[in-house]
Amino acid sequence: MRENALGGSGKGYLVIDADEFKSRLLREAVADGSYDSWIVPSAVREREAAGEKFHPMELSSLVHAESADLADELRVRAVAEGRNVVIDTVLSSDTKARQIMGELERAGYDVQVVDVEVPREVSEERIQKRWREGNEAAQRDEGLGGRWVPSEFGAWVYGEPGGGSRPEANARMVAEESPAVSRYRVYRKTVEQEREDPRAPATLETDMSRATRGGPLVPTRSGQAEVPQARPLPGITRAGRTAPGRAGPARVDRGR
């Protein structure tokens, strides 16, 4: 999905994903001994002493705040440097969604919002599958185990009326509100499609674009460019120079 959104030019983009920081933090903690001495809670130690096995990624929620902070720091630095970025995030908070979009807008970025949606049932099945396969690999001394997502988070994410997802509502909100968004796409995969072929990509359901910065968001015309294109933005300056809008898609992807 990411490669499709970037049109094959992904090598020029910095991917910012808090989940990647979780893996790095836990890997470093295991290496320096702080995982056993500081991160593992006493309740988990007691259960391990009784013979139960836990892998580091099963406790990834314990480094959630730090991984989110590191992702925020990287994003702020990358935007200040004018780098092309892919912000891979759940976008469950409307406040955080507006904050990120505000940063990109003020820096003169040209933004694409790509929202990938699956039903809660599919999301939970993917979480369980990732957790199970990760733990099986860890038992072969391959990796840190499967990352688990607390059920409370899933309940929050799908807390919109009628079981809709907050990320979908927030992605639509920033796409409609921000003049920096040049394109907004929603991909969706149903339970039936997932059952038939879990590897098949989600189907493009919504495709809207702005022809000019701040213009109306309208259905994308056939053949329109897939990749964000930098556009001159009068009046936006950075470091004593007039800065063109930078390409920077913001991607919302859940159920991975």
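Every number in this text was worked out from the coordinates using simple rules, so none of it is lab data. This one's a predicted model, so the numbers in the text were calculated from it and none came from an experiment. Cβ atoms come from the backbone with ideal geometry, glycine included; neighbour counts cover every protein chain shown.
Per-residue Cβ neighbour counts within 10 Å put Tyr109, Tyr187 in the sequence Tyr187, Tyr109, beginning with the fewest.
Taking amide H positions as modeled 1.01 Å from N, with prolines and chain starts lacking one, the residues under 5 Å from Asn84 and 5 or more places away or on another chain are Leu14.
Each residue of region 201-206 was assigned a 3J(HN,Hα) from its phi angle through the Karplus curve 6.51 cos²θ - 1.76 cosθ + 1.60 (θ = phi - 60°); the sequence is x, 5, 8, 5, 10, 10 Hz, with glycine and proline shown as x. Residues whose amide H lies under 5 Å from that of Val149, counting only those 5 or more places away or on a different chain, are absent; hydrogens are built 1.01 Å from N in the peptide plane. Protection proxy ranking, highest mean first, for peptides 167-176, 209-218, 96-105: 167-176, 96-105, 209-218, where packing is the per-residue count of other beta-carbon atoms within 10 Å, averaged. Between Thr220 and Asp207, Met208, Ser209, the built amide H atoms are under 5 Å apart, and every one of these is 5 or more places off in sequence or on another chain. Couplings 3J(HN,Hα) of region 81-94, computed from phi: 7, x, 7, 6, 9, 10, 9, 8, 8, 6, 6, 7, 10, 5 Hz, in residue order, whole Hz [Karplus 6.51 cos²θ - 1.76 cosθ + 1.60, θ = phi - 60°; x for Gly and Pro]. Karplus-derived 3J(HN,Hα) values for region 172-183, using 6.51 cos²θ - 1.76 cosθ + 1.60 with θ = phi - 60°, are 5, 4, 5, 5, 6, 7, 8, x, 6, 7, 8, 8 Hz; glycine and proline are entered as x.
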